[in-house]
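Down below is the structure, laid out as C-alpha cells.
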Amino acid sequence: MTLPSRSLGLIACAAALCNSVGYNCHPTCIPPSIPANESSKLSFGKYYVVLNLDVENGAVIPYENNTAGKAWISNLACWIHAVHRQSPPPLSIYTAVAYVNSHKLELGVQSGEAVPFVRNGAPELFGAADTKTTKIYERFYVNETAGDVVLPKARFYAGAGNQLEEILRAQKIDTVVLSGIATSGVVLATALRLFDLDYNVYVVLNNTFQAGAKTSNQEVNEVILTGILPLLPVKVITLEQAVDALGRSGPAKY
Ligand SMILES: *[C@@H]1O[C@H](CO)[C@@H](O)[C@H](O)[C@H]1NC(C)=O
Ligand SMILES: *[C@@H]1O[C@H](CO)[C@@H](O)[C@H](O)[C@H]1NC(C)=O
Ligand SMILES: *[C@@H]1O[C@H](CO)[C@@H](O)[C@H](O)[C@H]1NC(C)=O
Ligand SMILES: *[C@@H]1O[C@H](CO)[C@@H](O)[C@H](O)[C@H]1NC(C)=O
C-alpha cells in the first residue's frame, strides 16, 4: 500500500515525538488558541508559506544539548520534514541573522544595548553572511532544489531589510505559518507585523523557543503564546494540529 505524503509526514513526526516530551510541556502544556473540536477543519489554504525564523547555527547550536533545546530542535525538524513531504511542497522561507561583513556594520558605532541582538552576547553569536555561524542548522534541512529560500536580516522582524514582503506579495501569499527562535524576538515581531499587513498568521507553539536558561523565560514564552498572540488574533497551534492541517492544505501555489 502506498501511503499519501501526509501520512508519511505524520509517521515521521510520530517517531520524533517519542523522543521528546516537548519543550512546551515544561512546566505546563501550553493550550493552543484553536480548540480541539475545531482543529479538524484547520487548513492553511493554497497560498501559504512556512517561515522558519532565525534558525541559523549561531542561534541554535548553544541550545542543542539542553533538554528544552533538544525538544525544540526535534519538533522543528519534524515539522520541516512534514512540510517537505507535501506534494508539491509549499514555499519555505528561512531567516538567518547575518551581518553584511565581519565589521557588523548594522550594529552601529555606539550600539551599546540599543539595537537588536546586542544583548545576550549576540554580536559574538552571530556573524557575517556566508560563514558557518549564519548557515541554517543542518537538521533544519534547506532544500534549494525544492525552492527553499534563506533571507539574511539584522533586526528582529523577519522582513527587516530583505525581500520577504516582495516575495509574499508577488506570490499572492495570504497565510504564513511561523516557527523559530526566540519567541520574544523574531516570532513576536514577525507575527505582529505580518498580521498588520493582513496575512493570516499561525504560530506553531511547539516550534518556538525562548532562549536563555532562567525559569522566567518559560513564563515569558507562555504569556506571549497564550496571552498576547491570541488577542490579535494570531492563531497559536500545536505541532500536531499543524501537521494535520498540512494534509488539508494545498496543493500549494507559488
Ligand atoms: C505540543 O504542545 C502541546 C500543548 O502544549 C502538547 O500537548 C504536545 O504534546 C506537544 N507536542 C510535542 C511534540 O511536544
Ligand atoms: C467548540 O467548543 C466550544 C466550547 O468549548 C464551542 O464554543 C464551539 O462552538 C465549539 N465549536 C464547534 C465547531 O463545535
Ligand atoms: C553537543 O553534543 C554533540 C555530541 O556530543 C557535540 O558534538 C556538540 O559539540 C555539542 N554541542 C555543544 C554546543 O556543546
Ligand atoms: C528536494 O526537493 C526536490 C524537488 O522538490 C525533491 O525531488 C527532493 O526529493 C527533495 N530532497 C529531499 C531530501 O527531500
In region 232-254, anything under 14 Å from Leu205 (Cα atoms), within 16 Å of ligand 2 (Cβ to nearest atom) and assigned to a helix (DSSP H, G or I) is listed as Gln241
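The rows are residues; the columns are (1) out of contact with any Ser or Thr (no Cβ under 7 Å at 6 or more places or on another chain); (2) without any contact (Cβ under 8 Å) to a residue 60 or more places away in the chain.
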residue	(1), (2)
Gly185	yes, no
Leu194	yes, yes
Val201	yes, yes
Val220	no, yes
Leu231	yes, yes
Thr238	yes, no
Ser249	no, no
Tyr254	yes, no
Name the residue that is most open to solvent (accessible area, probe 1.4 Å), counting only residues in region 126-160 that are touching a Gly at 6+ places or on another chain (Cβ under 8 Å) and among the basic types (Lys, Arg). Arg155
Give the number of residues within region 46-59 that are over 11 Å from the mean Cα position of the chain (by Cα) and either open to solvent by 30 Å² or more (accessible area, probe 1.4 Å) or within 16 Å of ligand 3 (Cβ to nearest atom) (or both). 6
Going residue by residue through region 106-117, is there one that turns out to be within 14 Å of Asn57 (Cβ to Cβ) and open to solvent by 70 Å² or more (accessible area, probe 1.4 Å)? no
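The values are calculated or read from the model by the stated rules, or taken from the named source; none is laboratory data. All of these numbers come straight from a predicted model, not from anything done at the bench. Quick reminder, even Gly has a Cβ in these numbers, built from the backbone with ideal geometry, and neighbours come from all protein chains shown. Heavy atoms of the whole protein, side chains included, go into the accessibility calculation; ligands, DNA and RNA do not. Shrake-Rupley method; radii C 1.70, N 1.55, O 1.52, S 1.80 Å.
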